[in-house]
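Here you go, one structure.
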Amino acid sequence: MNREVFVEEMMLEGTKPDKKNFQNFTLGKNGVAFHFAPYEVAPYAAGTSTVELSFEELGSLIKREYANP
């Protein structure tokens, strides 16, 4: 298996719609940040990964009262 395929499979496994993949998050003033440990979505050398989504991007997936902490 080449490196690119391995990394892609790791990312897909770590982001599939399973609640265990999205347990580590923080709410901020402008949105939600999801935090992934090494090996969850990328090789260890990449360190931790964070994906930030604005409340606007989340749209109706989040209740309005939580959108303005």
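Kindly evaluate A42 against the criterion of being touching a helix residue (DSSP H, G or I) at 6+ places or on another chain (Cβ under 7 Å) and aliphatic (A, V, I, L, M).
Yes; evaluated as a whole, the condition is true for this residue.
Same structure, new question: Of the residues that sit in segment 1-37 and are of a type outside the set (D, E, K, R), modelled with pLDDT of 90 or more and in a loop (DSSP other than H, G, I, E, B), which one is least open to solvent (accessible area, probe 1.4 Å)?
By that ranking, first place goes to A37.
Next question. Could you please give the count of residues in segment 58-69 that are open to solvent by 100 Å² or more (accessible area, probe 1.4 Å) and either within 27 Å of E4 (Cβ to Cβ) or outside any helix (DSSP H, G or I) (or both)?
Final tally of qualifying residues: 3.
Taking into account only those residues within segment 38-54 that are under 10 Å from the mean Cα position of the chain (by Cα) and of a type in the set (S, T, N, Q), which is most open to solvent (accessible area, probe 1.4 Å)?
T50
Additional query: Does any residue in segment 25-44 that is in contact (Cβ under 8 Å) with a residue 24 or more places away in the chain come within less than 6 Å, Cβ to Cβ, of a residue that is part of a loop (DSSP other than H, G, I, E, B) and open to solvent by 100 Å² or more (accessible area, probe 1.4 Å) six or more places away or on a different chain, and which pairs are these?
Taking only residues 6 or more apart or on different chains, the pairs are L27/P69.
The values are calculated or read from the model by the stated rules, or taken from the named source; none is laboratory data. Predicted, not measured: the structure shown is a model, and the values here were computed from it. Neighbour counts are summed over all protein chains in view; Cβ atoms, including those assigned to glycine, are modelled from backbone coordinates with ideal geometry. Please note that ligands, DNA and RNA were not included when accessible areas were found on the heavy atoms of the full protein model with its side chains. Shrake-Rupley method; radii C 1.70, N 1.55, O 1.52, S 1.80 Å.
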